[in-house]
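What follows draws every value from the coordinates through simple rules; no lab data is involved. What you see is a predicted model, and the numbers here were worked out from it, not measured in a lab. Positions of Cβ are backbone-derived with ideal geometry, glycine not excepted, and every protein chain shown enters the neighbour counts.
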């Protein structure tokens, strides 16, 4: 069988500020993932100081840090990525944005069996 | 029993369906997304021009219906179902669709098995947290003068404002068409606005809803539509059937670039600030043509 590979756009043009989190995404069928976080613009404050990280969950409701961190893409067009394996069934990306900082973001998952 | 029927009844993938003579698509989500993707709203030059109703949509998921208290539930057939998940906000919607075109304007039959639940983040039944689940066709006639775009909408209104209503509804009107951008090529309308839903006559139906929000049971729907007359024929859910030939679909003037469009859309709506989860496994589209 040919391996399944899917691109899922999980956050599109969403303003990330404060304690930002992408919607939970169930993808246990995939053995590997690349998380892509792209800044679409509308940058306010200094989001470059934000801490973005990958989280995993047993049930899509309770989240723990997976251990992977991303350098927050703070300029329009900037993109950060991380390669993941052994992430179980649910993925999301969170970011603690500095006070007064925000940006419009695009979060994409490349998922492969 | 004729040979075709016997072959289908002997095939465990198809034996729970009653397709017309030609199967156009059969979507078993153990095989992947089968062409279902998120409904992205129209825009021009900037994503900011997308209507809010569409901007909220996210990608469908392949789910094994994992629960915090009981583990994986699994799907009707195998492990995976297609999952539509709304955001955790009252009135939030999500839509997944498959984009086809048709070659024979005749009767078509959509059959699918579905179930729904809210996110199980409370230790209570939560039976009124999902507002509705539903489906629609987005159709356009073949190229012709005076052609039309036709959008029959059907939803099961499970609950509204906390009331457990459990009834089928249809829609015959959409919102005004709005131009997008500056090039004169793109327009949009919000056909899933909360307005203009009408009760189907005798459309109340008590669906099996298991005792806690981590148990699901699968339900069957069959919807017959005629692409020649662009009118619905009948609707069935489990043991109930309705003649819907008198129900008007949404009809608007044809668009210049959508001839013979045959899109199948599924949608979910939340009635509380809790994610609504709508699962499908499987979907069979068939038609009556040689």
Revision key, fill the gap. When B:119, B:204, A:14 are arranged by how many other beta-carbons sit within 10 Å of their Cβ, fewest first, they go B:204, A:14, B:119
**Study point:** Per residue, the convex hull volume that the Cα atoms of the stretch B:167-266 enclose (Å³)
**Key:** 151 Å³
Exercise for review: Please work out the Cα convex hull volume for the stretch B:31-287 and give it in Å³ per residue.
Suggested key: 127 Å³
Point to revise | Rule-of-thumb Rg ratio for the stretch B:184-233 [Cα; 2.2 N^0.38 Å; N residues] | key: 1.79
Point to revise | Point-to-point label distance, residue B:5-residue B:45, nm (Cα→Cβ direction, 7 Å offset) | key: 6.1 nm
Check your understanding: What is the mean projected area of the alpha carbon convex hull for the protein assembly as shown, to one decimal in square nanometres?
Key -> 21.3 nm²
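How much length would be gained if the chain were fully extended between residue B:201 and residue B:145, taking 0.36 nm per residue of separation minus their Cα-Cα distance, in nm to one decimal?
16.7 nm
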Exercise for review: Let me know the Rg and Dmax you get for the stretch B:113-188 when you use only its Cα atoms, in Å.
Suggested key: 18.1, 57
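Which number comes out as Rg/Rh for the stretch B:51-111 once both Rg and the Kirkwood Rh are worked out on C-alpha atoms?
So for the stretch B:51-111, dividing Rg by the Kirkwood Rh gives 1.09.
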Review point. Expressed in nm², what is the orientationally averaged projection area of the convex hull enclosing the Cα positions of chain A?
Key: 6.5 nm²
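Fewest Cβ neighbours within 10 Å first, please rank B:151, B:230, B:177 accordingly. Mind dumping the intermediate values first?
Details: B:151 22, B:230 18, B:177 11.
Exposure proxy ranking, most exposed first: B:177, B:230, B:151.
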